[in-house]
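Read through the structure below, which is laid out as structure tokens, and then see the notes.
Read-outs throughout are calculated quantities, based only on the coordinates presented, and are distinct from any laboratory measurement. What you see is a predicted model; the values in this text were computed from it and never measured. Please note: Cβ atoms are built from the backbone with ideal geometry, for glycine as well, and neighbour counts cover all protein chains shown.
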């Protein structure tokens with residue numbers, strides 16, 4: 001229920017909400033990097049209708065930012081203005097009907113892969129190697145180990161800024177490499193994915209291979225995000241970063257992973273500014289050595305400023 005202290009006049013006009021509302025709410029605990037400032041307002045809706053109620057009533061000039069489990073997210077130290085919507089349990093349902101799987105936006109990608117395996121549904125194994133949730137996977141056409149969302153997505157359901165519901169077919173999603181063409185102000189609620197009938201042992205073997213490859217090549221059980229930069233056409237970001245001499249490079253408490261140099265690490269005392277500055281220094285060095293501009297794959301939100 002909405003019981004927290006209000007911090008801005010626009011919040012006085014909010015309708016009754018059934019979900020959890022907090023003001024000046026810490027976001028760092030919701031991100032893998034564990035850094036960043038607070039949300040002006042953090043809303044964890046009870047269900048689709050609760051979220052639609054807020055969106056319909058919210059003044060259009062108030063920004064809305066959606067987060068999931070924060071696996072590919074850097075929250076800047078100055079915090080995030082407006083409303084941060086965190087989709088969690090009520091949006092994490094998974095259902096299988098034949099070769100079609102429907103997953104809520106908050107469903108973990110790995111859980112979707114496991115549920116698909118249980119149902120004897122192949123083709124979704126790559127999701128076991130993608131950190132994060134289905135909502136984030138849709139937003140960036142996430143992919144790994146030979147698969148990506150555009151290969152398996154039939155449709156998605158989303159709310160627009162007025163709270164109206166839209167079902168978007170595969171063509172309307174406008175997928176390209178690490179990109180989705182759906183307007184940023186639409187909030188994904190769920191995705192419908194197509195797999196194919198397959199043998200449980202074959203699916204398990206592919207998932208085991210993905211897990212082994214990921215653990216061998218990527219930093220795990222540390223404060224990091226997903227891949228920091230997208231692969232440029234015809235090149236691999238990590239090779240460009242390595243070639244620019246950035247493996248192990250550090251700024252403040254942030255360091256380029258020595259295991260896989262397209263990952264940035266919070267060694268324990270980093271600020272968001274440390275991590276972003278390190279990423280920009282990596283981009284500068286790669287540009288100098290190769291002439292290629294790396295594009296951030298990690299999503300950066302909020303205002304720059306001093307840590308709260």
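Table for the structure above
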quantity: 19 Å cut-off, amide nitrogen to a point 7 angstrom out along residue 292 Cα→Cβ, residues in region 156-200; calculated: 177-179
quantity: The chain: calculated mean residue ellipticity at 222 nm from DSSP helix runs of at least 4, using -39500 (n - 2.57); calculated: -7500 deg cm²/dmol
quantity: q = 0.20, 0.21 Å⁻¹: log10 I(q)/I(0) that the Debye formula gives for region 221-301, counting C-alpha atoms only; calculated: -0.79, -0.87
quantity: Alpha-carbon radius of gyration plus Dmax, which is the widest Cα pair, for region 48-190 in Å; calculated: 15.0, 47
quantity: Mean separation of Cα contacts under 8 Å (6+ apart) over length of the chain, as relative contact order %; calculated: 18 percent
quantity: Area projected by the alpha carbon convex hull of the chain, averaged over all directions, nm²; calculated: 15.8 nm²
quantity: Relative contact order computed over region 9-89 (Cα-Cα under 8 Å; 6+ residues apart), in percent; calculated: 37 percent
quantity: Residue of 155, 217, 71 that the Gaussian network model of the chain assigns the largest fluctuation, springs spanning Cα pairs under 10 Å; calculated: 217
quantity: Convex hull (Cα only) mean projected area of region 259-308, reported in nm² to one decimal; calculated: 4.4 nm²
quantity: Share of Cα-Cα pairs in region 182-232 lying beyond 17 Å, as whole percent; calculated: 67 percent
quantity: Fewest-first sequence of 292, 251, 275 by Cβ atoms within 10 Å of each Cβ; calculated: 292, 251, 275
quantity: Protection proxy ranking of 27-40, 92-105, 130-143 - average other beta-carbon atoms within 10 Å, highest first; calculated: 130-143, 27-40, 92-105
quantity: Dmax and Rg, reported as Rg then Dmax, of region 9-89 (C-alpha, Å); calculated: 12.3, 34
quantity: Percentage relative contact order, region 92-216, counting C-alpha pairs under 8 Å, at least six apart; calculated: 30 percent
